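The values are calculated or read from the model by the stated rules, or taken from the named source; none is laboratory data. Because the structure is a prediction, the values reported are computed rather than measured. Heads up, the Cβs are rebuilt from the backbone with ideal geometry, glycines too, and the neighbour counts pull from every protein chain shown. When the accessible area is computed, the model is the full protein with side chains, heavy atoms only, and any ligands, DNA or RNA have been set aside. Shrake-Rupley method; radii C 1.70, N 1.55, O 1.52, S 1.80 Å.
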Amino acid sequence: MKQSTLFGRTLRDAPSDATTPGTQLMLRAAIARPLAAGLYTWLPLGFRVAEKVEQIVREEQNRIGAQEMEMPVLTPAEPWKETGRWESLEPITFRTADHNGREFMVSYTHEEFVHLHAKQEIQSYRQLPAIVYHFQSKGRDEARPRAGLLRVREFVMKDAYTFDADQAGLEKSYEAEHGAYARTFARMGLDAISVESDTGAMGGDVAHEFQVLTEVGEDRIAICTNCDYRANLEKATRKIAPQRSPDAIPAPTPVATPGTTSIEALEKALGLPASAFLKTLLLRTKDGVVAVVLPGDREANEPKQDTHLRDVVPGRDFGGERVDVHDVREGDACPRCGGRLEIKRGVEVGNIFAYGTYYSTKLDATFLAEDGTRRPFVGGSYGIGIGRSVQTIIETHHDERGIIWPPSVAPFHVHLIALPSSDPDVRAKSEALVAALEREHVEVLYDDRDESAGVKFADADLIGIPLRVTVSKRTLKEDKVELKPRARADAELLPQGDAAGRIAAIVRGWPDLPEMGNR
RNA sequence: CGGGGUGUAGCGCAGUUGGCAGCGCGCAGCGUUCGGGACGCUGAGGCCGUGAGUUCAAGUCUCACCACCCCGACCA
């Protein structure tokens, strides 16, 4: 590929609204361009990366026996209505209707439809377990897209769906996907950790997110410094210190607190720490209004009342259901081992979710079991955001000059720089080397532009292809070419004659490369 | 959805009390350069986000709207 014809130019300055380092580099290196808020176009360089990320995901799904298929972007309303999601997803989905008024949703996910297919294609327990997956665009009407490709309104997601005959089967499939995810992210150079996550409003039993810890992440993860407990803050809990015995505390007495409507004000007025207070929040839920009582130092809402009670002990002085609805913070005790919890930011690059028979019972998706009864499929779904993964790779693989792609996902293997490209000899030798490398299936971006050395090197550092090969008048004088890995500071000179072979050997030695075929 | 910010050339920005719309980079042509974002000369490129209003005169003042970004809320 000649760089002079590349569609997409590098930018010396990042647009001023690009805030994260990765977003700035993504734009500067011509990976993708914004089209509207939360909508991005992959430029050729970025598209190549996205395809490699996809291919790695594909290979790891195939490895566990998952079968690739594809379901449409536009989905009919009726199945969504059967599961109740047509209504519940209303605020965050794009909808449309055809000319006859039939309603559609831009696919948000595909549980409903894959279940309908499973119902048709799988008749017997003998056909189970089954795992299918596809790569498909998802639409989400995010109120606030942010940070380049990290949070967008349309993105390609790999989503896989497992179908099993029973809970034990589901657990096996879930484990298989969990392992596939670990291999997938490791291959693309992402240090993703698996954390316990909230199963959402859908109920369900078990869910994990694969999180890459980075400052630009929008999720907060509680991590135990002592054991392997790791959970999204949405799900995280803590060990609560035992309470003092109620017997030591006198009966509650009213304390006048006119105008004191916040815990902060109470701390000042009564000279006690926030943790000494209880506060009540009224939450409007679909089942009516619910009162929640929390320790005063958790959350920041303001109960509106001008009298407070002193010496109140939960259980003794009031009743109610004990539920875990408070937040967890840095320094809290690990619920598992009592160790210290740290809070870190992370990007959720993937999630896996065992929902059991939630969808199959609603959609009447059943199979004939060994004992002759009809049973609902026991399922799970498993997502990986492709664009978000690419952006996260950039966020975690760069230096002050530019991107440093892991070889497995780099847009090209070699960036070959002719210096100067106006020199006929340099040009001829460069093109011969490009041809020799391509014969060895090495992917080469050939900088044939009539630019100064500074511009070419700066672009090479910015674009971040793993190997930089320089063919110049200077190196040719010694009958050599220069090889410099992007990730290292030092370069070496290779004899021109076996440069192609040496470089191809390095590329073949890289682990984790996806099988892209000839390109 | 609440709060804040920004809209001027492809990108980064300046534009004074309202008085001919500018700079740097990039782009085109010519020439000199050629190992870390070279230099000279010449040039192209603008619905100043949109619409009303005030004024002799609006990039600049007023109002409304739109878009984008940031914080929060919401959300796989």
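Among the residues of the range A:385-410, how many are in contact with a helix residue (DSSP H, G or I) (Cβ under 6 Å, 6 or more places away or on another chain), away from RNA strand B (no atom under 16 Å from the Cβ) and of a type in the set (S, T, N, Q)?
Going residue by residue through the range A:385-410, those that are in contact with a helix residue (DSSP H, G or I) (Cβ under 6 Å, 6 or more places away or on another chain) are A:386, A:389-391, A:394-395, A:398, A:401-403, A:408-409.
Subsequent filtering for residues that are away from RNA strand B (no atom under 16 Å from the Cβ) retains A:390, A:408-409.
Okay, now just the ones that are also of a type in the set (S, T, N, Q), so A:408.
Count: 1.
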Of the residues that make up the range A:136-150, is at least one more than 21 Å from A:Met71 (Cα to Cα), crowded, with 21+ Cβ neighbours inside 10 Å, hydrophobic (A, V, I, L, M, F, W, C) and away from RNA strand B (no atom under 15 Å from the Cβ)?
no
Every residue in the range A:1-23 that is within 22 Å of the chain's Cα centre (by Cα) and buried (at least 20 other Cβ atoms within 10 Å of the Cβ), please.
A:Gly22, A:Thr23
Within the range A:101-135, count every residue that is of a type in the set (S, T, N, Q) and within 15 Å of RNA strand B (Cβ to nearest atom).
2
Subset of the range A:151-163, residues acidic (Asp, Glu) and within 10 Å of RNA strand B (Cβ to nearest atom), comes to A:Asp159
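Among the candidates A:Pro254, A:Pro258, A:Pro246, single out the residue that is at pLDDT below 85 and touching a Ser or Thr at 6+ places or on another chain (Cβ under 8 Å).
Of A:Pro254, A:Pro258, A:Pro246, the one residue that is at pLDDT below 85 and touching a Ser or Thr at 6+ places or on another chain (Cβ under 8 Å) is A:Pro254.
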Quick test of your reading of the structure: A:Tyr382 fulfils all but one of (1) open to solvent by less than 50 Å² (accessible area, probe 1.4 Å); (2) hydroxyl-bearing (Ser, Thr, Tyr); (3) more than 14 Å from RNA strand B (Cβ to nearest atom). Name the failing condition by number.
(3)
Single residue of the range A:30-49 satisfying the filter (assigned to a loop (DSSP other than H, G, I, E, B) and hydrophobic (A, V, I, L, M, F, W, C)) that is most open to solvent (accessible area, probe 1.4 Å):
A:Ala37
Within the range A:181-204, does at least one residue satisfy the condition of being at pLDDT 95 or above and within 14 Å of RNA strand B (Cβ to nearest atom)?
yes
Here are the criteria: (1) closer than 30 Å to A:Leu483 by Cα; (2) at pLDDT 95 or above. Tell me which single one A:Asp423 does not satisfy.
(2)
Test for A:Asp166: is it within 16 Å of RNA strand B (Cβ to nearest atom) and either touching a residue at least 40 places away in the same chain (Cβ under 8 Å) or more than 14 Å from the chain's Cα centre (by Cα) (or both):
no
